[in-house]
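Each remark here refers to the structure printed beneath this line.
The values are calculated or read from the model by the stated rules, or taken from the named source; none is laboratory data. Everything numeric here is computed off the predicted structure, so don't read it as measured data. Because the Cβ atoms are built from the backbone with ideal geometry, glycine has one as well, and the counts that use them run over all protein chains shown. Quick note on the areas: whole protein, heavy atoms, side chains included, nothing else; ligands and nucleic acids left out. Shrake-Rupley method; radii C 1.70, N 1.55, O 1.52, S 1.80 Å.
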Amino acid sequence: MNIIVLVKQVPETSNVKMDPETGTMIREGLETIINPLDLYAIEAALRLKEQHGGKVTAISMGPPAAMKALRETMAMGVDEAALVSDRKFGGADTWATSYTLGQAIKEMGEFDIIMAGERATDGDTGQVGPGLGAWLNLPVVSYVAHIKEVTKDSITCDRLMEEGYQVVKAPFPVVITTVKEIAEPRLPTLRGNKRARQTEIPVYSTENMTVDVGSLGLKGSPTKVVKIETPKVTRSGTLLKANSEETIESAVDQLIEWLKERELV
Amino acid sequence: MSYVWTLGEQFEGKLRGVSFELLARGKKLAEELDTKVCSLILGHNISDEDLEELIQRGADEVYFVDDPRLADFQNETYSNVISDLINQYHPHIVLAAATTIGRVVMPYVAIKVNTGLTADCTQLEIQPETKLLLQTRPAIGGNIMATIKTPDHMPQMATVRPKSSRPLDKDPSRSGKIQRIVLKDELVDTRAKVIEFRTDDAGFVNIEEADVVVAGGKGLKQAANVKLVEDLAKQLDGVVGASRQAIDRGWLSYPHQVGLSGKTISATLLLTAGISGSIQYLAGIKTCENIVAINNDPEANIFGVSDFGIVGDLFEVLPLLTQKLAQAKK
């Protein structure tokens with residue numbers, strides 16, 4: 001079973017500090033990491049390989065520095081990796097990104113599953129996985145929470161929806177996007193780290209891919225960013241101390257009043 | 001005719017609330033553009049009353065593609081049908097909900113009809129000078145708001161965060177055209193098959209579309225104490241949410257999780273207890289209308305985003321609150 005996993009390198013936002021004056025994120029000194037939601041997809045891919053054989057290839061589109069994220073996936077056990085990188089790819093929206101990834105994947109040979117996290121924690125769109133499915137004309141099963149059954153030519157999954165789980169059976173090749181429930185990601189190993197350092201990672205660019213230059217990067221993107229604003233996240237709320245019988249009672253009463261005023265009860 | 005389309009959603013033949021939320025958005029845009037808003041529904045066995053309700057809540061027209069093969073959401077067939085109709089009718093704007101349906105079918109359609117798509121918007125407006133759709137959305141965990149447009153492609157498409165707009169009131173005096181459309185066989189993609197639908201437990205929650213969410217975190221200390229949150233949720237007619245901490249400890253199942261690796265919610269009222277408010281958690285709650293926090297640490301991040309905070313012991317505050325709300329009801 002050949003599995004391709006999409007990986008994105010994102011800014012590390014878990015230890016991010018907020019500027020108390022402006023209520024915005026302090027970006028200085030932010031490290032880059034593998035998109036945390038991709039780790040679940042990587043883990044699910046590795047488990048499928050362990051159970052059914054085959055290989056897992058991680059692919060990332062980004063600047064040369066995204067090589068670091070790819071090496072981290074190899075340290076977790078991913079067999080091979082490929083970087084899709086070219087200045088002409090810069091500023092791509094999800095339409096152009098999924099196009100470019102699709103063209104790169106066409107160069108990489110046959111596969112059974114393309115796996116991706118449900119979305120990346122920076123762009124927050126979740127559109128690249130399904131978009132890639134459309135470019136490659138493949139079925140897409142999104143928000144997969146459990147894998148139920150795998151045969152030599154199909155996979156049956158639980159797709160998490162608002163009302164419950166939709167059980168979907170899809171033939172290979174297929175695009176699957178995963179949610180956290182699917183698996184607990186493993187840690188990198190020393191041996192994996194060593195192998196990751198020693199492996200040459202190929203780079204796909206406009207030099208060795210068939211691409212329509214007009215569909216690349218910022219220029220090829222149908223959507224354009226008009227402006228970016230940083231909303232103030234702080235709210236000026238009431239804050240009551242409740243540390244004695246009296247103050248607890250009073251705080252609860254005030255809260256109920258407050259809820260009533262807003263017609264929330 | 002420069003139509004605005006909204007993609008309604010149904011589950012087991014009943015229209016979902018987002019269908020009406022989208023119409024409120026669509027109608028406002030259509031008025032600014034001096035055009036019609038049309039609700040597109042794919043499904044089977046949807047009652048005339050439900051279709052009529054779309055008109056009463058803002059639609060000028062309803063296109064209902066009615067076929068048993070559309071009863072369950074299947075991405076490829078749905079995408080084919082929507083793309084085919086877009087190519088036939090050329091709407092200028094297509095809005096869908098940022099649900100587990102909208103967030104997969106719309107990116108698929110965007111590629112098929114060769115246009116842009118903006119995800120999970122919380123504001124939509126028409127730029128006066130260009131008449132283009134300005135699509136504003138939170139990104140990077142809600143730390144920035146990006147405004148995006150699609151200047152050179154049609155239709156302009158966006159998914160809209162559930163609960164970020166209110167449905168219009170029913171207006172029985174409104175009239176509109178309901179058009180039933182026959183599913184073309186060649187649009188049916190049988191590769192992926194829906195086998196069944198199930199909920200794992202009676203407590204399965206749809207927290208993304210709940211008006212009231214009561215969420216508990218690490219401060220609950222143990223699984224047995226989830227009951228405190230459940231009792232309060234019951235009093236408030238709400239559902240139970242949880243921070244990642246509570247999920248990873250196995251106190252509640254994953255569908256309850258709010259935050260970066262869980263759900264993003266826009267509840268009218270979110271009440272959190274024993275949740276300190278990590279960056280990842282806050283990313284999932286920023287568009288909630290009213291946030292109440294109960295936590296024993298006055299320095300907890302959660303108080304920075306709360307409208308009403310109580311610094312105190314949740315084991316004392318929650319039962320009293322539940323009890324007083326119950327009394328008030330009597």
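Some notes on this structure:
- Three-way shape label, the protein assembly as shown, alpha-carbon gyration tensor, a/c 1.5: oblate
- Remark on the stretch B:218-276: ratio of C-alpha radius of gyration to 2.2 N^0.38 Å is 1.03.
- Computed E for A:Asn208/A:Lys55 - FRET, C-beta separation, R0 30 angstrom, nearest 0.05: 0.90
- Over chain A, relative contact order from alpha-carbon pairs under 8 Å, at least 6 apart, %: 23
- Accessible surface area normalised per residue over chain B is 37 Å², counting heavy atoms of protein chains with a 1.4 Å rolling probe.
- The charge dipole of the protein assembly as shown, taken about the Cα centre with unit charges on the Cβ atoms of Lys, Arg (+1) and Asp, Glu (-1), comes to about 1120 debye, rounded to the nearest 20.
- The stretch A:71-144 and the stretch A:158-175: distance between their alpha carbon centers, rounded to Å: 19
- Taking only protein heavy atoms and a 1.4 Å probe, the accessible area of the stretch A:2-220 is 51% carbon and sulfur.
- Each of the GluC sites (Glu not before Pro) that DSSP puts in a loop and that has at most 12 other Cβ atoms within 10 Å breaks chain A; the longest unbroken stretch is A:111-199.
- Taking both sides together, the accessible area buried where B meets A is about 7700 Å² for a 1.4 Å probe.
- Label reach from A:Leu239 (point 7 Å along Cα→C-beta): in the stretch B:251-273, amide nitrogens under 17 Å belong to B:272-273.
- Whole-angstrom gap from the stretch A:243-265 to the stretch B:141-165, using each part's C-alpha centre: 38
- Label-point gap, in nm, between A:Lys152 and A:Glu31 - each point 7 angstrom along Cα→Cβ: 4.5
- The stretch A:86-233: Rg to Rh, with Rh as the Kirkwood radius over Cα pairs: 1.01
- Projected onto their three principal axes, the Cα atoms of chain B cover extents of 61, 46, 42 Å, largest first.
- Normalised by residue count, the stretch A:169-265 yields a Cα convex hull volume of 405 Å³ per residue.
- For the stretch B:183-330, alpha-carbon Rg and Dmax in angstrom: 17.4, 62
- Protein-protein interface of the stretch A:151-171, residues with accessible area decrease of at least 40 Å², isolated chain reference, 1.4 Å probe: A:Arg159, A:Leu160, A:Met161, A:Glu162, A:Glu163, A:Tyr165, A:Gln166, A:Val167, A:Lys169
- Rounded, prolate or oblate (a/c below 1.5 giving rounded, otherwise prolate when a/b exceeds b/c) for chain A by Cα gyration tensor: prolate
- A straight line joining the Cα centroids of the stretch B:2-47 and the stretch A:186-219 runs 42 Å.
- Each pair of Cα atoms in the stretch B:4-187 enters the Kirkwood radius, and Stokes-Einstein at 25 °C and 0.890 mPa s then converts it into a translational diffusion coefficient of 151 µm²/s.
- The length gained by stretching the chain between A:Arg262 and A:Gln198 to full extension, at 0.36 nm per residue less their Cα-Cα distance, is 16.9 nm.
- FRET efficiency for B:Glu49 and B:Gln123, using Cβ-Cβ distance with R0 set to 51 Å, rounded to 0.05: 0.95
- Stretching B:Asp185 away from B:Asp171 to a fully extended chain increases their span by 1.4 nm, per 0.36 nm per residue minus the current alpha-carbon distance.
- Under-5 Å amide H pairs with B:Gln123, H placed in peptide plane, nonlocal only: B:Thr136
- Size of charge dipole - the stretch B:4-187 - debye, nearest 20, with Cβ of Lys, Arg +1 and Asp, Glu -1, no other charges: 520
- Projecting the Cα atoms of A:Asn208, A:Leu6, A:Leu70 onto the charge dipole of chain A, computed from C-beta unit charges around the Cα centre, puts A:Asn208 farthest toward the positive end.
- Its Cα centre serving as origin, chain A has a Cβ charge dipole (Lys and Arg +1, Asp and Glu -1) of approximately 1000 debye.
- Heavy-atom surface analysis with a 1.4 Å probe gives chain B a carbon and sulfur content of 47 percent of its accessible area.
- Over chain B, dividing the summed -39,500 (n - 2.57) contributions of all DSSP H runs of at least 4 residues by the number of residues returns a 222 nm mean residue ellipticity of -8000 deg cm²/dmol.
- Cut-off 11 Å, label 7 Å out along Cα→Cβ of B:Arg198, residues of the stretch A:155-177 by amide N: A:158, A:165-167
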